[in-house]
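*Asks:* Mind having a look at this structure? Questions to follow.
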Amino acid sequence: MNPFDPYLQRIRDYNKDLEKKGRRVRVWFDDPLSGGEVTPSQATSPLILKENTAVELGGPQTAGSTFIIWTKDVSLISDGQIMLVGPDFGEANGGTLPFGQVTLVGGPAISKEIQSRLEREQYAAERLPGYMVRSTGGRIWSRVSFQALDDGLSLRSLGASIIAHLHDKLPAVTAAEIIFITSSIDDVQNLERIGAQVRKLSHDLRRERLRETADGQYICENEISCEACTDNDVCSDIREILVIRKKVNQSTSMS
C-alpha cells in the first residue's frame with residue numbers, strides 16, 4: 001500500500017459525509033491535456049490590494065486548509081475531475097469564504113523522491129492573473145481581483161489550470177484531480193484535521209529521504225519562503241543535525 005492511500009480513502013469518506021449533510025456539490029471533468037480554461041502566465045503570484053479584492057479565501061478571518069496526496073495507484077484518481085463543495089467565486093457576494101483545497105495525483109512513477117517537486121509545482125500552478133496566494137503551506141490565504149472575476153475566473157478554471165500544470169511539468173503524474181471546499185468554516189476545519197496528518201506524514205517521509213541522501217550538505221529546492229513552507233521545521237532539524245555532525249567531525253580530526 002502507498003503511504004498516503006489511507007488518507008485518500010479518508011478524503012473520499014469526508015466527501016460522502018458532506019453530501020449526506022446536504023451540501024451543494026458540483027463536479028466537472030476538464031480535459032487535462034487541453035490546458036483547462038486558464039493557464040499560468042506569471043512568474044510570481046500577483047499583488048492584489050484589499051480595495052481590488054472581489055473575494056478573499058481563507059486567511060485570518062476564517063478557516064483555510066491545503067495539502068496534496070499522491071498514490072502510485074492511478075485507479076484511485078479521477079483524472080481531470082474538479083469538485084466544488086459550496087459557493088464559487090461569483091456566488092460569494094464579496095467578502096470572505098472559508099477555503100479548502102486538496103490536490104490528488106497518481107502515477108506509477110510517483111515516489112517520495114519527487115514529493116517536494118509535487119508541492120512546489122502545485123504552488124506554481126496557482127500563479128494566475130488576478131489570483132493571489134498570500135500564503136502557502138497548510139493554511140491557504142488567497143484573493144481574487146474584481147478584474148479576474150469579471151474575466152470569468154472560477155474555481156473550475158483554477159482547478160483546471162492546476163491539473164493541466166501538474167500534467168505538463170511532471171511526467172510522473174498520469175492522473176490528477178482537485179477538490180475545493182467553501183461551504184462552511186466547520187467543513188474546512190474538519191478537512192484540516194485530515195490535512196494536518198497528511199502534512200505530518202509528508203514531513204516524516206522527507207526526513208527519511210534526507211537521512212538516506214544527506215552527505216554533509218542540505219540544499220532546499222523549494223521556491224516558496226521559509227515562513228510559508230510546511231517543511232520549515234524539517235529544515236531546521238536538519239540544519240541542527242548538520243551543525244552537530246560538523247562539530248563532531250572537526251573534533252575527531254583534531255584528536
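*Asks:* Run down E56, E51, E119, E91 and say which single residue is charged (D, E, K, R), farther than 25 Å from K200 by Cα and touching a residue at least 60 places away in the same chain (Cβ under 8 Å). Step through it out loud before you land on a result.
*Replies:* Details: E51 fails: touching a residue at least 60 places away in the same chain (Cβ under 8 Å); E119 fails: farther than 25 Å from K200 by Cα; E91 fails: touching a residue at least 60 places away in the same chain (Cβ under 8 Å).
Answer to the check: E56.
*Asks:* Out of all the residues in the range 158-195, which are surrounded by 23 or more Cβ atoms within 10 Å (Cβ to Cβ) and hydroxyl-bearing (S, T, Y)?
*Replies:* S161, T182
*Asks:* Ok, one more. Would you check which residues across the range 86-116 are over 17 Å from the mean Cα position of the chain (by Cα), assigned to a strand (DSSP E or B) and crowded, with 19+ Cβ neighbours inside 10 Å and list them?
*Replies:* The answer is L97, and nothing else.
*Asks:* Collect the residues in the range 158-176 that are in a helix (DSSP H, G or I) and not β-branched (V, I, T), keeping them in residue-number order.
*Replies:* Of all residues in the range 158-176, those in a helix (DSSP H, G or I) come to 158-169.
Hits for the range 158-176 are L158, G159, A160, S161, A164, H165, L166, H167, D168, K169.
*Asks:* Scan the range 62-80 and report the pairs whose first residue is farther than 16 Å from Y7 by Cα and whose second residue is of a type in the set (V, I, T), with Cβ atoms within less than 7 Å and a gap of 6+ or a chain change.
*Replies:* If the second residue must be of a type in the set (V, I, T), the pairs left are T62/T96; T62/I185; A63/I185; A63/V188; G64/I140; G64/V188; G80/I163.
*Asks:* Then there is this: Return the residues of the range 177-192 that are more than 27 Å from H167 (Cβ to Cβ), touching a helix residue (DSSP H, G or I) at 6+ places or on another chain (Cβ under 9 Å) and in a helix (DSSP H, G or I); say none if nothing qualifies.
*Replies:* The answer is D187, N190.
*Asks:* Residues in the range 55-73 that are over 15 Å from I110 (Cβ atoms) and acidic (D, E): how many? Working first, answer last.
*Replies:* At the first step, the residues of the range 55-73 found to be over 15 Å from I110 (Cβ atoms) are 55-67.
Narrowing further to those that are acidic (D, E): 56.
Number satisfying all stated conditions: 1.
*Asks:* For the structure I just gave you, tell me whether D204 is in a helix (DSSP H, G or I), modelled with pLDDT of 95 or more and charged (D, E, K, R).
*Replies:* Values: in a helix (DSSP H, G or I): yes; modelled with pLDDT of 95 or more: no; charged (D, E, K, R): yes.
When the stated conditions are applied, D204 does not pass them.
*Asks:* What number of residues within the range 76-85 are surrounded by 21 or more Cβ atoms within 10 Å (Cβ to Cβ) and part of a loop (DSSP other than H, G, I, E, B)?
*Replies:* 2
*Asks:* Right, here's the next one. Residue by residue through the range 116-136, note down the ones that are at pLDDT 85 or above and in contact with a strand residue (DSSP E or B) (Cβ under 9 Å, 6 or more places away or on another chain).
*Replies:* Correct list: L118, P129, G130, Y131, M132, V133.
Per-residue answers, yes or no, for (1) modelled with pLDDT of 95 or more; (2) farther than 17 Å from R120 by Cα; (3) within 17 Å of the chain's Cα centre (by Cα):
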{"site": "R143", "(1), (2), (3)": "no, yes, yes"}
{"site": "L153", "(1), (2), (3)": "no, yes, no"}
{"site": "L166", "(1), (2), (3)": "no, no, yes"}
{"site": "K169", "(1), (2), (3)": "no, no, yes"}
{"site": "V173", "(1), (2), (3)": "yes, no, yes"}
{"site": "I179", "(1), (2), (3)": "yes, yes, yes"}
{"site": "T182", "(1), (2), (3)": "yes, yes, yes"}
{"site": "I185", "(1), (2), (3)": "yes, yes, no"}
{"site": "I194", "(1), (2), (3)": "yes, yes, yes"}
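*Asks:* Look at R143 and say whether it is closer than 30 Å to D204 by Cβ and either touching a residue at least 60 places away in the same chain (Cβ under 8 Å) or assigned to a helix (DSSP H, G or I) (or both). Full working, then the answer.
*Replies:* Values: closer than 30 Å to D204 by Cβ: no; either touching a residue at least 60 places away in the same chain (Cβ under 8 Å) or assigned to a helix (DSSP H, G or I) (or both): yes.
No: the conditions fail for R143.
*Asks:* Could you please give the count of residues in the range 44-69 that are farther than 13 Å from G195 by Cα and surrounded by 15 or more Cβ atoms within 10 Å (Cβ to Cβ)?
*Replies:* Initially, the range 44-69 is screened for residues farther than 13 Å from G195 by Cα, giving 44-62.
Now drop any that are not surrounded by 15 or more Cβ atoms within 10 Å (Cβ to Cβ), which leaves 45-46, 48, 52-59, 62.
Residues flagged as farther than 13 Å from G195 by Cα and surrounded by 15 or more Cβ atoms within 10 Å (Cβ to Cβ) within the range 44-69 amount to 12.
The values are calculated or read from the model by the stated rules, or taken from the named source; none is laboratory data. This is a predicted model, so every value here is computed, not measured. When we count neighbours, we look across all protein chains shown, and the Cβ atoms used for this are built from the backbone with ideal geometry, even at glycine.
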